[in-house]
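Shown next, in structure tokens, is the structure this report addresses.
FYI, it's all coordinate maths here, none of it is from the lab. Remember, predicted model here, so these are calculated numbers, not experimental data. Here the Cβ positions follow ideal geometry from the backbone for every residue, glycine too, while neighbour counts run over all protein chains shown.
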Ligand SMILES: C[S@@+](CC[C@H](N)C(=O)[O-])C[C@H]1O[C@@H](n2cnc3c(N)ncnc32)[C@H](O)[C@@H]1O
């Protein structure tokens, strides 16, 4: 989820807390029923419209340029885009003269949107697949892989990195770009204003505990459409990559390109935008 692109409300994690069992009752405590997870399909139309062909403004100005630079795709290469969504990276790679581009995503509706936007032929293909489960795509044949703005949307980090590594040939490279885990945690990180020092500061309420945070994407919808954001501290992310055989060879911390209007807070806002990165970009190489 690209927070800050659209109006987002952050609902409480679970609604009502489970009640404790009554004393003297032999019946098991009732558990609140949770609807099954539907992933990104229910919000696919909204996301496809938000991102469009060329990407959101963060895609266009920050994420895609960093990804292209780190990926350094060469003519004749095979690239896999894991959790490709509606195919925004395919648009950016359209002139790269790749031999093969394969986009995979768990959402059938987003894969449909990708096919409609970018077509499908021998050179560009789309597949509905769970990146955490091994499949024909994790076959060691790709020169490079990208996984952008999605690691925090995936529940099984170990499975994701294992299959990402297996999709690459040994020596192949993977670029992972995600919300910065130290500064951008839904409901746990906020801006604050220190009136005495006239600085805009970043407040963190939690960081070290991995969290599953429900994020409402469509506050206006009566059903309250939502996705899940899986926050993990940096140590967990890097260790999982290493355990999957992915060695980190470069890291960039990406800042917002947005600048506020001239006004009494603009100096402090510019400083804060330059001090606190929005996204974390990591380049890894498959070792084993
Ligand atoms: C915020 S979107 C990013 C999509 C795209 N990379 C982009 O930058 O627009 C997160 C994507 O992760 C996908 N996703 C989440 N869990 C997945 C899984 N287990 N396997 C494959 N895709 C998954 C969702 O379907 C969604 O398309």
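List of remarks:
- Using the Cα coordinates of segment 197-288, the gyration tensor eigenvalues translate into equivalent-ellipsoid semi-axes of 30, 23, 13 Å, sorted from longest to shortest.
- Residues 231, 142 arranged by fewest to most Cβ contacts within 10 Å: 231, 142
- Residue order, fewest to most beta carbons within 10 Å, for 58, 47: 58, 47
- For the pair residue 120 and residue 266, a Förster radius of 35 Å applied to the C-beta separation gives a FRET efficiency near 0.15, rounded to the nearest 0.05.
- Helix-only mean residue ellipticity at 222 nm for the chain, each DSSP H run of n ≥ 4 adding -39500 (n - 2.57), per residue, nearest 500: -6000 deg cm²/dmol
- The chain, relative contact order [Cα under 8 Å, separation at least 6], %: 19 percent
- Averaging the sequence gap over all C-alpha pairs within less than 8 Å and six or more residues apart, then dividing by the number of residues, gives segment 114-237 a relative contact order of 20 percent.
- Taking 0.36 nm per residue of sequence separation and removing the Cα-Cα distance, the residue 130/residue 188 pair yields an extension gain of 18.1 nm.
- Exposure proxy for 130, 95: other Cβ atoms within 10 Å of each Cβ, ordered fewest to most, give 95, 130.
- Separation of alpha-carbon centers, segment 44-108 and segment 226-288, rounded to whole Å: 18 Å
- Most simply put, the chain has about 60% antiparallel DSSP beta bridges, counting only bridges with both residues inside it.
- Three-way shape call for the chain based on the alpha-carbon gyration tensor, with the a/c threshold at 1.5: oblate
- A Förster radius of 30 Å combined with the Cβ-Cβ distance from residue 248 to residue 74 puts the calculated FRET efficiency at roughly 0.90.
- Part-to-part distance (alpha-carbon centres) for segment 163-212 and segment 114-154, which is given in Å: 24 Å
- Calculated FRET efficiency for the pair residue 41/residue 141, C-beta based, R₀ 35 Å, to 0.05: 0.80
- For segment 215-287, relative contact order (Cα pairs under 8 Å, six or more residues apart, normalised by length) works out to 31 percent.
- Rg to Rh, two decimals, where segment 52-96 supplies the alpha carbon set and Rh follows Kirkwood: 0.93
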